[in-house]
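Single-structure report; data block below.
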Amino acid sequence: MTTPLSQDSATALADADLDRDLITVTTRPDTVFVDGQGSWLTDEGGKRYLDLVQGWAVNSLGHSPPLIAEALARQSWRLLNPSPAFHNRPMLDLARRLVSLGCFDRVWFGSSGAEVNEAAVKLARRWGQRMRHGAHEVISFDGAFHGRTLAMMRASGKLGWDSVFAPMPAGFARARFNDISSVERAITPASVAVMIELVQGEAGVNLADPGFVRELRALTTERQLLLIADEVQTGIGRCGRAFAHELFGIEPDLMTLAKGIGGGVPLAALLCKESFNCFAPGDQGGTYGGNPLMASVGLAVVNTVCQDGFLAQVRLRAGHLARGLQALVQDHGLVAERGAGLLRALVLPTDTAPQVVAAAQALSPVGLLINAPRPNVLRFMPALTISDDEIDQGMKLLHEALQVTMT
């Protein structure tokens, strides 16, 4: 007979091996967070951290904003999930709000970026079956990140992902980012769409060249290919506009959103123009898609973020962060600062980004949370509500971490 552990013994055992009960998918530091407010996280020991990652650009309004807590509480008393086979009011209202923001006419809701990116490929292929004699191949780019389903790993341009879970789904081709000639070479009679992140976050915050984007839009129109904008990380205010494609002066045919649209809850969306609304009933679905609990949060977030005054403040904060990062480039002899809005990066002269991340978190009495998407790149995705004072504090902490690792 097994003797139950006391609470203290169980806690001690868990602390000795935090990952004991978890399937191994990543290496996590020995930190357990218990509270988050705005730009700050607090761990079990009471140490505070200034968070410039925010769940990889998920918490657009910071940690635990009252707006989201109130939306969840209010909706949870009314209706959680009547099934996606029925209408619900928050889903309809959020769809209407998203349509009102730009060039799209129709919306389908999911729960993650990978899910809606895969739905975008399905929609493009359905359109290809109906309008392009079965064209089905999707062209994507080196450095792209579109999610972790098998199909989206194949669509992504992350090194090694096309073989790690082989055999991978077929029907994808690859072009070079910012190279229109490589796109032209990748087009075949089987091509149906081009899928692009206008700012490649996982590749180190690489921005598309505006001239390339205009040429890509013209080329896809000429060749009757759909242009799919993956705005999972860049959409809903992250780049200082409702959608990043506004910065480039083009209109995609399809667009995907996730991360910031839910402000921290699982919510995603696929948007399309009316002429590409060609799913037949039953072609696409999902148990949680458009459920009123998540949709009510999304509506509250979108209504807050996608206002001219709020977005203007995001652009001001982005300028303040960019100047702070540029000062660190000068002070520490770094390579460059780059980005769009509040999605920014520092390029280091050596492959020491993981060490800087660890040193920043270990700072005392206050830690700093940043991200290293590449060995020589640090990425910053703060809350859109971060203050100038918090940005300044973050730059001071980052200065300390760079001093520790680069001397």
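The values are calculated or read from the model by the stated rules, or taken from the named source; none is laboratory data. Keep in mind the model is a prediction, meaning the values are calculated, not measured. Here the Cβ positions follow ideal geometry from the backbone for every residue, glycine too, while neighbour counts run over all protein chains shown.
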> Of (1) over 17 Å from the mean Cα position of the chain (by Cα); (2) part of a helix (DSSP H, G or I), Glu115 satisfies all except one. Which?
Replying inline: (1)
> Which of (1) more than 15 Å from the chain's Cα centre (by Cα); (2) under 27 Å from Val192 (Cα atoms); (3) assigned to a loop (DSSP other than H, G, I, E, B) is the odd one out, the single condition Gln233 does not satisfy?
Replying inline: (1)
> If you check Thr287, Thr256, Thr304, which single one turns out to be part of a strand (DSSP E or B) and β-branched (Val, Ile, Thr)?
Replying inline: Thr256
> Does the stretch 251-272 hold any residues that are out of contact with any Leu (no Cβ under 8 Å at 6 or more places or on another chain) and under 20 Å from Val194 (Cβ atoms), and which are they?
Replying inline: Glu251
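Is it true that Ala218 is out of contact with any strand residue (DSSP E or B) (no Cβ under 9 Å at 6 or more places or on another chain), of a type outside the set (S, T, N, Q) and either farther than 30 Å from Leu342 by Cα or without any contact (Cβ under 8 Å) to a residue 60 or more places away in the chain (or both)?
On the way: out of contact with any strand residue (DSSP E or B) (no Cβ under 9 Å at 6 or more places or on another chain): yes; of a type outside the set (S, T, N, Q): yes; either farther than 30 Å from Leu342 by Cα or without any contact (Cβ under 8 Å) to a residue 60 or more places away in the chain (or both): yes.
Yes; evaluated as a whole, the condition is true for this residue.
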>> Any residue at all in the stretch 68-84 that's closer than 26 Å to Ala318 by Cα, modelled with pLDDT of 95 or more and surrounded by fewer than 21 Cβ atoms within 10 Å (Cβ to Cβ)?
In response: no
>> Taking the criterion of being surrounded by fewer than 24 Cβ atoms within 10 Å (Cβ to Cβ), under 24 Å from Arg338 (Cβ atoms) and modelled with pLDDT of 95 or more, would at least one residue in the stretch 249-271 satisfy it?
In response: yes
> What number goes with the only condition from (1) part of a helix (DSSP H, G or I); (2) buried (at least 24 other Cβ atoms within 10 Å of the Cβ) that Arg214 does not pass?
Replying inline: (2)
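Could you list, in sequence order, the residues of the stretch 128-178 that are in a loop (DSSP other than H, G, I, E, B) and of a type in the set (Phe, Trp, Tyr)?
Of all residues in the stretch 128-178, those in a loop (DSSP other than H, G, I, E, B) come to 132-136, 142-149, 156-171, 176-178.
Once the filter is applied, which keeps residues that are in a loop (DSSP other than H, G, I, E, B) and of a type in the set (Phe, Trp, Tyr), the stretch 128-178 yields Phe145, Trp161, Phe165, Phe177.
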>> Against the definition (touching a helix residue (DSSP H, G or I) at 6+ places or on another chain (Cβ under 9 Å), surrounded by 14 or more Cβ atoms within 10 Å (Cβ to Cβ), assigned to a strand (DSSP E or B) and modelled with pLDDT of 95 or more), how does Phe104 come out, yes or no?
In response: no
> Say we look at the stretch 4-63 and pick out the residues that are modelled with pLDDT under 80 and of a type in the set (A, V, I, L, M); which of these is farthest from the chain's Cα centre (by Cα)?
Replying inline: Leu5
>> For the stretch 157-194, give me each residue that is modelled with pLDDT under 95 and either among the charged types (D, E, K, R) or touching a Ser or Thr at 6+ places or on another chain (Cβ under 7 Å) (or both).
In response: Gly157, Lys158, Asp162
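Looking only at the stretch 47-101, filter to residues that are in a helix (DSSP H, G or I) and polar (S, T, N, Q); which one of those is nearest to Gly260 (Cα to Cα)?
Kept after step one, since they are in a helix (DSSP H, G or I), are these residues of the stretch 47-101: 54-57, 66-76, 89-100.
Right, trim to polar (S, T, N, Q) and you get 54, 75-76, 100.
Values: Gln54: 10, Gln75: 20, Ser76: 21, Ser100: 18 Å.
Result: Gln54.
One line per residue, one yes/no per condition, for (1) within 22 Å of Asn59 (Cβ to Cβ); (2) assigned by TED's automatic domain parsing to the domain that holds Ala85:
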site: Cys272; (1), (2): no, yes
site: Ser275; (1), (2): no, yes
site: Gly282; (1), (2): no, yes
site: Met294; (1), (2): yes, yes
site: Val314; (1), (2): yes, no
>> Under 6 Å between Cβ atoms, which residue pairs at least 6 apart in sequence (or on different chains) link something in the stretch 96-109 that is in contact (Cβ under 8 Å) with a residue 60 or more places away in the chain with a partner that is among the small types (Gly, Ala, Ser) and crowded, with 16+ Cβ neighbours inside 10 Å?
In response: Leu101/Ala242; Val107/Ala95; Val107/Ala269; Phe109/Ala269; Phe109/Gly289; Phe109/Gly290
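Could you identify the single residue in Ser100, Ser83 that is at positive phi and of a type in the set (Gly, Ala, Ser)?
Details: Ser100 fails: at positive phi.
The unique qualifying residue is Ser83.
Rundown of residues vs (1) among the basic types (Lys, Arg); (2) more than 22 Å from the chain's Cα centre (by Cα); (3) under 26 Å from Gln313 (Cβ atoms); (4) assigned to a loop (DSSP other than H, G, I, E, B), yes/no style:
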residue	(1), (2), (3), (4)
Gln330	no, yes, no, no
Arg338	yes, no, yes, no
Gln355	no, yes, no, no
Leu368	no, no, yes, no
Thr385	no, no, yes, yes
Gln393	no, yes, yes, no
Leu398	no, yes, yes, no
Gln403	no, yes, no, no
> If you check Ala218, Ala242, Ala300, Ala190, which single one turns out to be under 21 Å from Ala318 (Cβ atoms) and among the aliphatic types (A, V, I, L, M)?
Replying inline: Ala242
> Would you pick out the residues in the stretch 362-374 that are more than 19 Å from Asn59 (Cα to Cα) and of a type outside the set (Lys, Arg)?
Replying inline: Ala362, Leu363, Ser364, Pro365, Val366
